[in-house]
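Only the coordinates and a few stated rules stand behind these numbers; no lab work does. Predicted model only: the values in this text are computed from it and were never measured. Positions of Cβ are generated from backbone atoms using ideal geometry, with glycine treated the same way; all protein chains shown enter the neighbour counts.
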Amino acid sequence: MTDASGPPHHHEPGAHDLRPTVDTHAGDRRLVPWRRAPFPAPWGTWFGREAPLHLEIGFGDGRYTIRRALDEPNADFVGIEVSSVSVRRAVTKLRHHDLQNVRLVKGGAQIAVRQLFAPASLSSVTVNFPDPWPKDRHEDKRLLRVPFLTMLAGRLVPGGEIRLATDHPEYLTFSEAEVRASGWYAIEEREAPPAVFETKYATKWKEQGKPLHYRVFVRNDEPVPDIAPIGRPDIMPHALLQGSLPTTLTFEKVVNPVEEGHVILHDVAQRIDTDDTLWIRATVDEPDVTQQLLIVVQRRTDDWIVRVASFGDPLITPAVRGAVHAATEWLASLGTFDVTARNY
Ligand SMILES: C[S@@+](CC[C@H](N)C(=O)[O-])C[C@H]1O[C@@H](n2cnc3c(N)ncnc32)[C@H](O)[C@@H]1O
């Protein structure tokens, strides 16, 4: 379909376009587009009150958090879940209730907790049936390890609790050892509340007749190091170049190590109606977060710009900066460009 006004303008990004997006109303929606939210998130503003805040990690189909939100109208509840299918199920379930005290977040808990919660803001964190990762070589994928327990200790109020239900004895032993090693919690064995027995996973587990282990890790008074959210830069990382694209473009996948992770540039696509825009598809992998990105290479009036596209609301981590660097180096390697500025 062609618009009467002709082909779309060649959009020329200025400084304004290079500013990262912040959506202060992000939390008005039940499923929070959290990567656009202020960090830490203004939960009090979003819920419209200051009330005890409880978090569930890995909420599955959401029934536990919804149950608690119904039972405790004077508290607010946030759920974080990494699986899209589970999030969709929970959002559907949530639609059946007129609940104002629940928000859901789709993402990995390690990065989402870091970004979204202020120090001493959480009353409790519930983890029902975390993935056990039973093989020894997968231990580092288990959720309740010292680094994450340390971050949670900073986000919990004094006396706040991590409540763990698991049917997996090795996971229990492992997490108790990590909790002791962290030094931030006392371990208590308690009766599991009834709602724990009603989660989707618990229902399956009951059919198999396996024992349930329930532990509460109570935050002690030891001061904990602050692990602040990754900040937003004033301007998105970019580089400026003089030159032109060569008549024949060649590209080979790039894999670069960066700090604690790595950057992969997978492939390059060119806009088909003009030859002045390229998109480079990248993956950046760091200990707590993996992100898919698009790096845009675009001709402007007097130069070319290489920048991170805001598409997908990436967090600007060291590896994201590394991806802009890798893209800039690839362009420089073509032999037809000079890099005149690097801002990443
Ligand atoms: C075994 S299921 C239990 C689900 C639910 N709690 C229940 O009891 O039915 C574990 C859940 O944790 C989620 N999960 C695993 N790692 C996660 C992470 N890093 N952040 C958020 N959710 C995670 C999985 O997607 C899965 O839904």
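Brief remarks follow.
- Sequence-ordered 3J(HN,Hα) estimates for the range 62-70 from the Karplus curve with 6.51, -1.76 and 1.60 and θ = phi - 60° stand at x, 5, 5, 5, 5, 4, 5, 5, 5 Hz, glycine and proline given as x.
- Here the chain carries DSSP beta bridges of which approximately 70% are antiparallel, counting only pairs with both residues inside.
- Phi angles across the range 245-254 convert, under the Karplus curve 6.51 cos²θ - 1.76 cosθ + 1.60 with θ = phi - 60°, into 3J(HN,Hα) values of 6, x, 5, 10, 9, 10, 8, 10, 3, 10 Hz, Gly and Pro given as x.
- Cross-link reach is defined here as a Cα-Cα straight distance under 23 Å, omitting same-chain residues fewer than 8 places apart; for Lys206 the lysines meeting it are Lys93.
- Diagonalising the gyration tensor over the Cα atoms of the chain and scaling each eigenvalue by 5 before taking the square root yields semi-axes of 43, 22, 19 Å, largest first.
- In terms of surrounding Cβ atoms within a 10 Å radius of their Cβ, Thr92, Thr247, Thr150 rank from fewest to most as Thr247, Thr92, Thr150.
- Averaging 1/r over every pair of different alpha carbons in the range 26-219 and inverting the result gives a Kirkwood radius of 16.9 Å.
- At q = 0.14, 0.15, 0.26 Å⁻¹ the log10 of I(q)/I(0) for the range 178-238 amounts to -0.69, -0.72, -1.08, computed by Debye summation with a single uniform scatterer per C-alpha, solvent ignored.
- Near Ala332, once Lys and Arg are set to +1 and Asp and Glu to -1 for all other residues with Cβ below 11 Å from its Cβ, the sum equals -1.
- In order through the range 107-122: 3J(HN,Hα) via Karplus (6.51 cos²θ - 1.76 cosθ + 1.60), integer Hz, x for Gly, Pro: x, x, 4, 4, 7, 5, 5, 4, 7, 9, 10, 6, x, 6, 10, 9
- Across the chain, Cα pairs under 8 Å and at least six residues apart give a relative contact order of 15 percent.
- Of all aspartates and glutamates in the structure, the ones whose alpha carbon falls short of 20 Å from that of Lys253, not counting any fewer than 8 places away in one chain, are Asp267, Asp285, Glu286, Glu329.
- Computed per residue of the chain from DSSP H runs no shorter than four, each worth -39500 (n - 2.57), the mean residue ellipticity at 222 nm is -7000 deg cm²/dmol.
- Placed amide H near His238: partners under 5 Å, 5+ positions off or other chain: Asn343, Tyr344
- A straight Cα-to-Cα reach below 26 Å connects Lys210 with the lysines Lys135, Lys141, Lys200, residues fewer than 8 places away in its own chain not being considered.
- Here the Gaussian network model covers the chain, with springs between Cα atoms less than 10 Å apart; of Trp184, Trp279, Trp330, Trp330 fluctuates the most.
- Note on the range 200-293: Cα-only Rg and Dmax are 23.8, 69 Å.
- The convex hull drawn around the Cα atoms of the range 111-164, when projected onto a plane and averaged over every direction, covers 3.9 nm².
- For the range 232-343, the relative contact order is 34 percent, taking Cα pairs closer than 8 Å that sit 6 or more residues apart in sequence and dividing their mean separation by the residue count.
- Evaluated at q = 0.20, 0.36 Å⁻¹: base-10 log I(q)/I(0), Debye formula over Cα of the range 232-271: -1.00, -1.09
- The chain: most fluctuating residue of Gly62, Gly209, Gly322 per GNM, C-alpha cutoff 10 Å: Gly209
- Under a Gaussian network description of the chain, with springs only between Cα atoms under 10 Å, the residue in Val78, Val196, Val254 that fluctuates furthest is Val254.
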